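Chemist: If you scroll down you'll find the structure; I have some questions about it.
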Amino acid sequence: MKLTWESLTLELRTTFRIAHGADDRRYNVLARLAEGLGEAAAVTYHGETQTGIMEYLARVADELGNCADPFLLENILDRLPLGSQAARAALDLALHDVWGKRLGQPLYRLLGLDPTRLPLTSFTIAMDEPAMMAQRAQEAGLPIIKVKVGGANDEAMVAAIRNATNAKLRVDANAGWTRAQAAAMIPRLAQYDLELIEQPLPVGDIEGLRWLRAQKFGLPIFADEPVKTARDVAAHAGAVDGVVVKLMKTGGIREALRAIHTARAHEMQVMLSCMVESSVGVTAAAHLAPLCDYADLDGPLLIRNDRFAGVQYEGARMILPAGAGLGVTEK
Ligand code: MG
């Protein structure tokens, strides 16, 4: 199978400011393996760069070139060397796309999943002046908003958005608080009728999450950044109410399925989410959404230059494409 790749620069509709930093553009990578499409998101706070992703793909191109049977997914993915999880995700996505295309079936059907059972997706409002964030939430007119916090102005931002909309609100601190800040902020923010809170504490502080959860603030706590693989899900059992699964953290669909099932085994809830990604990466994730409680798959809504068409949005409702494999087409 021939592997090629190219840069995929994504222009954000508004500056994407979160506790990790701010961007107007993201530099992802598009991979093509035989007739399959995959995407790798270069998220710097996960140690991913466009150059690193491309170097990884160059390193494995010959071996994949010698590999003729795309149905040996487990063998092929097992043999990939450790390295960029995002690059591995791009290859995993492309292999699943080839799998479905050669069998003439959409991925959700191969996985035995019901395309009418996708949770509604949230829409993300990045950090900005509270009045601006409130205006964006109002203009979006969508039923579920994810508010990025973890700065100096958190309560004012959440209060402004709460005043502007009746939407369900989820809050994501992106590891931006200390234990003391989180213990002070969570009960204050809980007054604004929030659905859940993501990653209040720095990566690695599992005991801190367990301690926060034991305070019973009445707000479910989800772990995101530190939870990459099924093993990380298990390590957070009992410390959080749920986990955030993203294909770019798991290294693709295979490990995402293992992570989701591991969460279920530990009676944890699952939010399926994405990075800033085009319709290639987000559509792949959407095929798994029927397995999850919450969806945060708004990548294509955040960018202005999506070169691909896949999952469609009717407000917050996602409609999976009926085409074979990922069902993604180039515009
Ligand atoms: Mg998050």
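The values are calculated or read from the model by the stated rules, or taken from the named source; none is laboratory data. The structure displayed is predicted, hence computed values, not measured ones. Cβ sites come from the backbone with ideal geometry, for glycine too, and all protein chains shown count toward neighbours. To get the accessible areas, we keep the full protein, side chains included, count just its heavy atoms, and leave off ligands, DNA and RNA. Shrake-Rupley method; radii C 1.70, N 1.55, O 1.52, S 1.80 Å.
Chemist: Considering only region 182-207, state which residues are more than 19 Å from the chain's Cα centre (by Cα) and buried (at least 18 other Cβ atoms within 10 Å of the Cβ).
Modeler: Across region 182-207, the qualifying residues are 182, 185, 186, 189, 194, 205, 206.
Chemist: Oh, and also: All but one of (1) within 14 Å of the ligand (Cβ to nearest atom); (2) assigned to a loop (DSSP other than H, G, I, E, B); (3) under 25 Å from residue 121 (Cβ atoms) hold for residue 202; state the number of the condition that does not hold.
Modeler: With respect to (1) within 14 Å of the ligand (Cβ to nearest atom); (2) assigned to a loop (DSSP other than H, G, I, E, B); (3) under 25 Å from residue 121 (Cβ atoms), residue 202 is out only on (3).
Chemist: Out of the residues in region 212-221 meeting the condition of being away from the ligand (no atom under 14 Å from the Cβ) and either more than 12 Å from residue 186 (Cβ to Cβ) or of a type in the set (A, V, I, L, M) (or both), tell me which one is surrounded by the fewest Cβ atoms within 10 Å (Cβ to Cβ).
Modeler: 214
Chemist: Any idea which residue in region 292-309 is nearest to the ligand (Cβ to nearest atom), counting only those that are within 24 Å of residue 24 (Cβ to Cβ) and open to solvent by less than 10 Å² (accessible area, probe 1.4 Å)?
Modeler: Ranking the candidates gives 296 first.
Chemist: Could you tell me which residue of region 155-197 is nearest to residue 222 (Cα to Cα), considering only residues that are within 16 Å of the ligand (Cβ to nearest atom) and of a type in the set (Val, Ile, Thr)?
Modeler: Here the answer is 197.
Chemist: Would you mind listing the helices (runs of 4 or more DSSP H) fully within region 222-291 where at least 2 residues are surrounded by 24 or more Cβ atoms within 10 Å (Cβ to Cβ)?
Modeler: 247-250, 253-265, 279-286
Chemist: Of these, 12, 8, 93, which one is in a helix (DSSP H, G or I) and modelled with pLDDT of 95 or more?
Modeler: On the way: 12 fails: in a helix (DSSP H, G or I); 8 fails: in a helix (DSSP H, G or I).
None of the other options fit; the residue is 93.
Chemist: Does residue 120 satisfy the criteria of being of a type outside the set (Val, Ile, Thr), in contact with a strand residue (DSSP E or B) (Cβ under 9 Å, 6 or more places away or on another chain) and open to solvent by less than 30 Å² (accessible area, probe 1.4 Å)?
Modeler: no
Chemist: Of the residues 137, 152, which is among the hydrophobic types (A, V, I, L, M, F, W, C), open to solvent by 30 Å² or more (accessible area, probe 1.4 Å) and more than 16 Å from the ligand (Cβ to nearest atom)?
Modeler: 152
Chemist: Hey, another quick one. Can residue 325 be described as modelled with pLDDT of 95 or more, under 15 Å from the mean Cα position of the chain (by Cα) and open to solvent by less than 40 Å² (accessible area, probe 1.4 Å)?
Modeler: Spelling it out, it is not the case that residue 325 is modelled with pLDDT of 95 or more, under 15 Å from the mean Cα position of the chain (by Cα) and open to solvent by less than 40 Å² (accessible area, probe 1.4 Å).
Chemist: Pull up region 96-121, narrow it to residues that are assigned to a loop (DSSP other than H, G, I, E, B) and over 28 Å from residue 166 (Cβ atoms), then point me to the one that is farthest from the chain's Cα centre (by Cα). Even if it seems obvious, please write down each step before you answer.
Modeler: Here is the first cut: in region 96-121, the residues assigned to a loop (DSSP other than H, G, I, E, B) are 104-105, 111-120.
From the residues that got through so far, the ones that are over 28 Å from residue 166 (Cβ atoms) too are 104-105, 111-115.
Working: 104: 27, 105: 24, 111: 19, 112: 22, 113: 19, 114: 20, 115: 19 Å.
This residue is 104.
Chemist: How many residues are buried (at least 21 other Cβ atoms within 10 Å of the Cβ), of a type outside the set (A, V, I, L, M, F, W, C) and assigned to a strand (DSSP E or B) when one looks only at region 15-52?
Modeler: 5
Chemist: Name the one entry in 233, 244 that is of a type outside the set (Phe, Trp, Tyr) and out of contact with any helix residue (DSSP H, G or I) (no Cβ under 9 Å at 6 or more places or on another chain).
Modeler: It is 244.
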